[in-house]
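Let me begin by presenting the structure, written as structure tokens, before commenting on it.
The values are calculated or read from the model by the stated rules, or taken from the named source; none is laboratory data. Remember, it's a predicted structure, so these values are computed and weren't measured experimentally. Cβ placement follows ideal geometry from the backbone for every residue including glycine, while neighbour counts extend to all protein chains displayed.
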2 protein chains.
Amino acid sequence: MHYITEPMAIEERSMEIIAPYLAELNLTPEEVKVFSRIIHAAGDPEYSKIIEIHKDAIRAGCAALESGCDIFCDVEMVRTGINKRRLADNGGTVHCLIGDEKVASTAKELGITRSMVAMRTFGERLHGSIVAIGNAPTALFEVLNLMKETTIRPALIIGVPVGFVGASESKDFLAETSPVPYITVRGNKGGSPIAAAVTNALLYMHRR
Amino acid sequence: MHYITEPMAIEERSMEIIAPYLAELNLTPEEVKVFSRIIHAAGDPEYSKIIEIHKDAIRAGCAALESGCDIFCDVEMVRTGINKRRLADNGGTVHCLIGDEKVASTAKELGITRSMVAMRTFGERLHGSIVAIGNAPTALFEVLNLMKETTIRPALIIGVPVGFVGASESKDFLAETSPVPYITVRGNKGGSPIAAAVTNALLYMHRR
């Protein structure tokens, strides 16, 4: 059976196949890159209908990356998917506390999710950073609550938690109340590869 | 805003929401668990129409896990998503060579993907194991070719690569030619969370 085995050819062909799905959406070239990487990561053109990019999101995300900001994520799969070498070129690091023992014991004690405790533990370090949430609606709610209660302001929130319990609501809440730019996908879909795809699209974009 | 913050309640409620999508599919209780975890991981009930479980797959996968088999995967995100603690209870380990330097240099030299080289490097170690492919169609093709050319036989192939170039074809090829049991999703969808979800469903199932 014949199939393409040359990595760059695979990526180029993939972007060609995705392009027609975006043709009538009136996207900027930068938005096309974000949309394409998401659809590529999910194998699902339906994402073109649910992606929502705040008007200042790409500019804010790229500026933060250029200044060497860190990235804070909810689960290890998001950290794994992010191109950490490219991020390190600017001095940035990816942080995740979901596996932290102290976070786990606090969460158990309080009867809440570990990702909520993790976000609260990051606290002021989130200021000026990029927050990338690919799994837990509770993590996204927590960051939004934190912004209500404090002056902590991430540069950008990539909020794409997945699932049937709270995910859709958390993303609506993000779009309706966030005082900072955001990138999201509405509804139940989302996930770690989507969070990583958006982050990497920005990482590949910002290089002058 | 009110939302559920208690981890077990979130999971239970999620499975309740997914159940109606599976009601008319005539699934065994074990198949329901695999279907549910996939749909949960993707936030996408459409998966119920494309999941395909070979009749011996769940039994073969659980038996292999009980005997302490290793798991070989194509990308780090799959390894990250698998419950390695649960796997280790039986003596199993997850292996991934996508970041291996020798694999990278060989792939560059040959002009093929790193995941192809990685699968070939695993070679005989794949015999009796579980292969979990969540990203690269070329990795799945390579394992199928390896089975044609040799007597290497994994116990189970979880083949759910994602994307528009080769993914669908690789999964058709799996279903049509695999001499060993498999679990797949047809079409372009798939991905690391899907591969991890299937693996974890088996890990949580086999415990007697």
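Descriptive notes on the structure:
- Counting only helices (runs of 4 or more DSSP H) that fall entirely inside region A:78-145 and contain at least 3 residues that are small (Gly, Ala, Ser), the qualifying elements are A:101-110.
- Restricting region B:155-173 to residues that are touching a Leu at 6+ places or on another chain (Cβ under 8 Å) and free of Cβ contacts under 8 Å to residues at least 60 places away in the same chain, the residue that is surrounded by the most Cβ atoms within 10 Å (Cβ to Cβ) is B:159.
- Single residue of region B:38-73 satisfying the filter (in a strand (DSSP E or B) and buried (at least 17 other Cβ atoms within 10 Å of the Cβ)) that is farthest from the other protein chains (Cβ to nearest Cβ): B:53
- Lone unmet requirement of (1) crowded, with 19+ Cβ neighbours inside 10 Å; (2) closer than 25 Å to residue A:194 by Cα; (3) more than 14 Å from chain A (Cβ to nearest Cβ) for residue B:87: (2)
- Test: residue in region B:98-111 that is without any contact (Cβ under 8 Å) to a residue 60 or more places away in the chain, more than 10 Å from chain A (Cβ to nearest Cβ) and under 25 Å from residue B:62 (Cα atoms): no
- In the set (1) at pLDDT 95 or above; (2) within 14 Å of chain A (Cβ to nearest Cβ); (3) surrounded by fewer than 17 Cβ atoms within 10 Å (Cβ to Cβ); (4) out of contact with any helix residue (DSSP H, G or I) (no Cβ under 7 Å at 6 or more places or on another chain), the condition left unmet by residue B:79 is number (3).
- Sole residue being modelled with pLDDT of 95 or more, within 11 Å of another protein chain (Cβ to nearest Cβ) and touching a helix residue (DSSP H, G or I) at 6+ places or on another chain (Cβ under 8 Å), chosen from A:144, A:202: A:144
- Residues located in region A:161-199, provided they are assigned to a loop (DSSP other than H, G, I, E, B), facing chain B (nearest Cβ under 10 Å) and not hydrophobic (A, V, I, L, M, F, W, C): A:161, A:163, A:166, A:187, A:188, A:189, A:190, A:191
- Within region A:112-126, the set of residues being charged (D, E, K, R), in contact (Cβ under 8 Å) with a residue 24 or more places away in the chain and surrounded by 14 or more Cβ atoms within 10 Å (Cβ to Cβ) comprises just one member, A:120.
- Figure legend. Inter-residue proximity from region A:41-52: first residues within 16 Å of residue A:19 (Cβ to Cβ), second residues in a strand (DSSP E or B), beta-carbon distance below 9 Å, spacing 6+ or different chains. Indicated pairs: A:47/A:185; A:51/A:183; A:51/A:184; A:51/A:185.
- Top-ranked residue in region A:5-36 [being over 30 Å from residue B:112 (Cα atoms) and surrounded by fewer than 17 Cβ atoms within 10 Å (Cβ to Cβ); ranked as nearest to the other protein chains (Cβ to nearest Cβ)]: A:23
- With respect to the conditions (1) β-branched (Val, Ile, Thr); (2) in contact with a strand residue (DSSP E or B) (Cβ under 9 Å, 6 or more places away or on another chain); (3) within 30 Å of residue B:137 (Cα to Cα), residue A:18 falls short on a single one, namely (2).
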